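Okay, so here's the structure we're looking at.
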Amino acid sequence: MTSSALPPALALALILTAPLFGALAAMVTGRRGPAIALATVIATVAGILTLLVIIAGDGAFTLAIGGWEAPLGIQLRADGLAAGFIATTALVMGAILAIAGKPFGSGAQERRSAYTFWPLALLLWGALNAIFLSGDLFNLYVGLELLTLVAVALVGIEGKRETLAAALRYMMFALMGSLLYLLGAALLYAAHGTLDIALLATRVGNAPGDIVAAAAITAGLAAKTALFPFHAWLPPAHSGAPAPASAMLSGLVPKASFYILLRFWFEAAPDIAGTSVLMLLGGLGAFAMIYGSLLALHQDRLKLIIAYSTVAQLGYLFFVFPLAGGESAAQPWAAGAWSGAVFHALSHAMAKASMFLCAGLIIEAIGHDRLPGMKGIVRALPMTVFAFALAAITLMGLPPSGGFTAKYLMMTASFAAGQPFWALMLILAGLLAAAYLYRPLALAFALPDEDAPAPKAVSRARQAAPLVLALAAILLGILSAGPFAFIQIGRPGAAVEGLE
Amino acid sequence: MIAPSASLLYGLCGAALIGLGLYGFVVHRRLIRRVLAFNVIGSGIFLLFGASSYRDPAAGADPVPQAMIITGIVVALSATALALALIVAYARLAQSGALPEDAAPGADDEDRP
Amino acid sequence: MSSWYLLLATGLLLTIGGALWRVWRGPDQADRMMAAQLVGTGGVATILLLAAATGEWAMLDVALVLALLAALAAIAFVKSVRGAGHGDPEDEAQNDAARADEAPR
Amino acid sequence: MIASLFDLTLCLLILAAAGAAVFGRAAFMAVVFFIVYGILIAIAWLRLGAIDVALAEAAIGAGLTGVLLLAALARITRRIDAPEPSTGPDRTTLATALASLVIASAIAFAFLTLPEPQGLQERVAENLADAGAENPVTAVLLNFRGWDTLLESIVLLAALLGIWTLARDEAWGGRAGPRHVTRPGGVLAQFGRVLPPIGLLVGIYLVWAGSKQPGGAFQGGTVLAAVWIVTIMAGLMQAPRVADRALRAALVIGPVIFLALAVAGVVAGAFLVFPPVHAGWLILAVEAVLTLSIAVTLAMLVFGPPEEEEKP
């Protein structure tokens, strides 16, 4: 290795280990959570900036851990897609950790939830980074398990009866999901002697073992991404946790399993996909979209609306499979559909995290999140309501947000592919999102009830965190050309098709 | 008659264990039984994995799957420990060993502490 | 020679089968746990025979660990019968939980 | 031929034990069957040439998991062996049974039609000289796939944090788990004196021997954890307070040193490197601290969250 290998290795080492170091330090010291989180953010962001510069300049690269090349060792893969997810995660985590200082801050005595929140949050971050950089299916399994256990713990952190039930329900789905994923990985190794994604791409065929493995991996990851019909665990789990935890759970955690699905279907096993399977995945996504939206319309608690909206929004991530997978993969529209889905995943991460943080601030101000109580909240929390509105624009897919770019790309692809059904579904999704997000917004601007108690004040600085996230989601749309080119770096097939 | 190899027998045994555990996981309402079934499925998968890497006894067992299985066993233990602690904490508050949607009337009598 | 060891080991497995049946039958919790301990002992013996049959003496470590951990399971059982951390096998106090075993009456 | 007879008998026993663990009506019986099942699976691993896995299964599958299940069962129900209400075969159970059968058959079919094995035995053997451990499994765990192992040691801590969050707020900072009382001079107390020294020796031996023959940090750590659990259950010691700094340091020391080593690799332009010259002692050192952390974490997983406030 030459000295020029130093910066990439350093960047990856910082991104992978800083959150884990932070988590372990927080686990020992107990009452220094916020300070440790700040140090972690600084170290990780330094690594991410280095990584972004390297990838933008020299393109994607791999790093063999310990110098052991695949199939013996584990390869880290840093390409545009990985860096995009890592950067978005850092932004979202930064905002969440900034706002979590108050509810989980340190008092004179160490408190239970104030103690466990910080190491759990940082472990969640570490697990996400490990997943986004890994190029090995078994290593991804370990990362996914770390993520799952941490997420379950965060769901149950309030320790109430309903949240424990939500955590248990989530755990049961997640356990099943990991087992299925593990089964698939075991079968793939047995057949091909490797679990490296790049090597598998050249070896996976259409043998029965490969098909069973692909089915198991897909079903397992779909359960973890809460794809219909495995969605039942999501709304109670995401709405029951405290706001900073909800923001992580809804904005970031399902993206990890979706990311692995994306890697698996488009890189490890691109040839195995039959049209019917891809159609099934897209169809389930469409069901999830309609089902989640309709239920979101019927909720009268803000956090439940946001949580059901996640079911819907995760649903149309799956439109990417019929549009860009299988026979479509070689077509010119595949790049657009693929990028659209990635844009959607990234902008949803920011917007949804922002919304949950807003909900948390509203609860802080009025003590609950029942819709009627939100009347006139705009007077007390103008910045929060503004952030909520901006996030809503992204989720509805209105211009100029990142959500709009995502929908535009996917709709163009769906017309080009001669599958206008998906475009129709995307339009419907936007309309439904507008409908269920209109209610809380309208109430926020309504006249408050005469006898309503005055909301508690929330500091401007804390209201800024969700606003930054919502603005970032809008900026992703305005500046979409840069990110669009960036996430394509290192994508298999991107070089052949060229960029628009 | 050709004797079946160890790999073949244990591999099929693993597949059968996965099926057994799957059935138990879906049918049982009491959470502790589902955790048990989860562990049966897990060890079935490990057995299948181990058997498939021992198909050629002359080459010896492949150490890479062995390491992965050890990792998997530890991960399964972690998940089991957390799940059981959640079940205990939930049972303390809800007086039930099953989730609300699964708790059939009269079925949770025995779970009262 | 090694086939003899394996044959013996197979015979041991059959006795383990007998112990399994006893775990199923019960009727007391203690009976079931004792039968499980019997399986543990049978398992240790089986492993010793396997080690002799194959000449892989590292297998003896597995037998050692199995024997040690079986004791742990037995202690955990004794503890679990008597709620909240108390319990001693010689304790004369009533062991309702252990006796009220075959429930439907 | 006799070997096949042995394997067939063992498979049938395994299936019988698993079936009883799944179908058995009483939860307690199911747990006992699961413990038995773990013992049998450990023997199966020996037949598959995987002594390291057999050790892990004997220690974790048959040992610790069984203890966890027994303890949980005892805390959930007073009458711990009350049978589940018999529902009888209805339409859903039949459909589930059918679906499970289909899935198991598909998996079996996939297994039978696997292509020629192309394992990594040779590649591991070629690189073993540079790996710092003679036991190939240890070499894979600590060196070739060390990143998996590092993450896995953190998974254990994540589970512990998750368990600790389940404590009641008033109990936070107190001693983990219920307080154990035994009659001084009773069988259990004696047991607690005899077993630990032996276990301590076996645990340390397993870690030390792990670089040459089957064994290693996880197996040794589990045995050491078992020793500590026995001592505390026998009432000879009390479980530590979760706010105890020394305890917390012991929990994280292994992963911290492993992580530090991973970052140190940056100097060589890589991540998590064991330089071949120093690999031998480095791996032994990492294993030693990892064993400590694993043993403490596993024991704390079994003790559970703090339950009562410390009384002055």
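Let me confirm something: among D:32, D:53, D:36, which residue is surrounded by 24 or more Cβ atoms within 10 Å (Cβ to Cβ), more than 7 Å from chain C (Cβ to nearest Cβ) and within 18 Å of the chain's Cα centre (by Cα)?
The conditions single out D:53.
Is there a residue being at pLDDT below 95 and within 14 Å of chain D (Cβ to nearest Cβ) anywhere in segment A:94-102?
no
Any idea which of A:211, A:260 is crowded, with 24+ Cβ neighbours inside 10 Å and in contact (Cβ under 8 Å) with a residue 40 or more places away in the chain?
That would be A:260, the only listed residue that is crowded, with 24+ Cβ neighbours inside 10 Å and in contact (Cβ under 8 Å) with a residue 40 or more places away in the chain.
Among the residues that make up segment A:281-296, is at least one of them touching a residue at least 40 places away in the same chain (Cβ under 8 Å) and farther than 27 Å from residue A:413 by Cα?
Yes, segment A:281-296 has at least one match.
Being at the interface with chain D (Cβ under 7 Å from one of its Cβ atoms) and either at pLDDT 75 or above or surrounded by 19 or more Cβ atoms within 10 Å (Cβ to Cβ) (or both) is the filter here, so list the residues in segment B:81-113 that pass it.
B:81, B:82, B:84, B:85, B:86, B:87, B:88, B:89, B:91, B:97, B:110, B:111
Test of understanding: among A:50, A:29, which residue is over 30 Å from residue A:243 (Cα atoms) and open to solvent by 30 Å² or more (accessible area, probe 1.4 Å)?
Testing whether each residue is over 30 Å from residue A:243 (Cα atoms) and open to solvent by 30 Å² or more (accessible area, probe 1.4 Å) leaves just A:50.
Does residue B:69 satisfy the condition of being facing chain D (nearest Cβ under 7 Å) and under 20 Å from residue D:146 (Cβ atoms)?
Against the criterion (facing chain D (nearest Cβ under 7 Å) and under 20 Å from residue D:146 (Cβ atoms)), residue B:69 qualifies.
Determine whether residue D:172 is buried (at least 18 other Cβ atoms within 10 Å of the Cβ) and not assigned by TED's automatic domain parsing to the domain that holds residue D:71.
yes
Within segment B:1-21, which residues are open to solvent by less than 20 Å² (accessible area, probe 1.4 Å) and either more than 21 Å from residue A:181 (Cβ to Cβ) or among the hydrophobic types (A, V, I, L, M, F, W, C) (or both)?
B:6, B:7, B:10, B:13, B:15, B:17, B:18
Is there any pair with a first residue in segment D:170-189 that is assigned to a strand (DSSP E or B) and a second that is among the polar types (S, T, N, Q) whose Cβ atoms are under 7 Å apart and which are 6 or more apart or on different chains, and what are they?
That search, which allows pairs on different chains as well, returns D:175/D:238.
Is at least one residue of segment D:218-234 over 20 Å from the mean Cα position of the chain (by Cα), open to solvent by less than 70 Å² (accessible area, probe 1.4 Å) and away from chain A (no Cβ under 14 Å)?
yes
Working carefully through the options A:242, A:254, find the one that is open to solvent by less than 10 Å² (accessible area, probe 1.4 Å) and in contact with a helix residue (DSSP H, G or I) (Cβ under 8 Å, 6 or more places away or on another chain).
A:254
Between a first residue in segment A:478-493 that is assigned by TED's automatic domain parsing to the domain that holds residue A:342 and a second residue that is hydroxyl-bearing (Ser, Thr, Tyr) and part of a loop (DSSP other than H, G, I, E, B), which pairs have beta carbons less than 8 Å apart while being 6 or more apart in sequence or on different chains?
none
Is there a residue in segment A:169-183 that is within 18 Å of residue A:74 (Cβ to Cβ) and part of a helix (DSSP H, G or I)?
yes
Determine which single condition residue A:70 fails, assuming it passes every other condition in (1) out of contact with any Asp or Glu (no Cβ under 8 Å at 6 or more places or on another chain); (2) open to solvent by 10 Å² or more (accessible area, probe 1.4 Å).
(1)
When the residues of segment D:169-203 are narrowed to those that are modelled with pLDDT under 85 and touching a Ser or Thr at 6+ places or on another chain (Cβ under 6 Å), which ends up nearest to the other protein chains (Cβ to nearest Cβ)?
Applying the filter and picking the extreme gives D:188.
Within the set of pairs 6+ apart or on separate chains, which have a first residue in segment D:261-281 that is at positive phi, a second that is open to solvent by 40 Å² or more (accessible area, probe 1.4 Å) and not hydroxyl-bearing (Ser, Thr, Tyr), and C-beta atoms under 6 Å apart?
D:269/A:1; D:269/A:6
Are any residues in segment A:224-238 open to solvent by 10 Å² or more (accessible area, probe 1.4 Å) and part of a helix (DSSP H, G or I), and if so, which ones?
Across segment A:224-238, the qualifying residues are A:224, A:236.
For the condition more than 10 Å from every other protein chain (Cβ to nearest Cβ), among the hydroxyl-bearing types (Ser, Thr, Tyr) and part of a helix (DSSP H, G or I), what is the one hit in D:297, D:291?
Of D:297, D:291, the one residue that is more than 10 Å from every other protein chain (Cβ to nearest Cβ), among the hydroxyl-bearing types (Ser, Thr, Tyr) and part of a helix (DSSP H, G or I) is D:291.
Consider residue A:86 carefully, then state whether it is outside the structural domain of residue A:267 (by TED's automatic domain parsing), crowded, with 21+ Cβ neighbours inside 10 Å, under 24 Å from residue A:242 (Cα atoms) and not acidic (Asp, Glu).
yes
How many residues does segment C:12-46 contain that are open to solvent by less than 30 Å² (accessible area, probe 1.4 Å) and either among the small types (Gly, Ala, Ser) or in contact (Cβ under 8 Å) with a residue 60 or more places away in the chain (or both)?
Matching residues across segment C:12-46 total 9.
Go through B:35, B:27 for me and flag whichever is surrounded by fewer than 24 Cβ atoms within 10 Å (Cβ to Cβ), among the hydrophobic types (A, V, I, L, M, F, W, C) and free of Cβ contacts under 8 Å to residues at least 60 places away in the same chain.
One residue alone meets the criteria, B:27.
Pick out, from segment A:393-492, the helices (runs of 4 or more DSSP H) lying fully within it that include 1 or more residues that are open to solvent by less than 40 Å² (accessible area, probe 1.4 Å) and hydroxyl-bearing (Ser, Thr, Tyr).
A:402-416, A:420-445
Within segment D:3-15, is even one residue touching a residue at least 60 places away in the same chain (Cβ under 8 Å) and farther than 26 Å from residue A:180 by Cβ?
Scanning segment D:3-15, I find no residue that is touching a residue at least 60 places away in the same chain (Cβ under 8 Å) and farther than 26 Å from residue A:180 by Cβ, so the answer is no.
Taking residue D:166 and the conditions (1) within 20 Å of the chain's Cα centre (by Cα); (2) at pLDDT 90 or above; (3) more than 26 Å from residue D:142 (Cβ to Cβ), which numbered condition does it fall short on, given that it satisfies the others?
Of (1) within 20 Å of the chain's Cα centre (by Cα); (2) at pLDDT 90 or above; (3) more than 26 Å from residue D:142 (Cβ to Cβ), only one is false for residue D:166: (1).
The rows are residues; the columns are (1) open to solvent by 50 Å² or more (accessible area, probe 1.4 Å); (2) in a helix (DSSP H, G or I); (3) touching a strand residue (DSSP E or B) at 6+ places or on another chain (Cβ under 6 Å).
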{"residue": "D:246", "(1), (2), (3)": "yes, yes, no"}
{"residue": "D:259", "(1), (2), (3)": "no, yes, no"}
{"residue": "D:274", "(1), (2), (3)": "no, no, no"}
{"residue": "D:284", "(1), (2), (3)": "yes, yes, no"}
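The values are calculated or read from the model by the stated rules, or taken from the named source; none is laboratory data. Fair warning: this is a prediction, and the values are worked out from it, not measured in the lab. For neighbour counting, all protein chains shown are included, and Cβ atoms are generated from backbone atoms with ideal geometry for every residue, glycine included. Heavy atoms of the whole protein, side chains included, go into the accessibility calculation; ligands, DNA and RNA do not. Shrake-Rupley method; radii C 1.70, N 1.55, O 1.52, S 1.80 Å.
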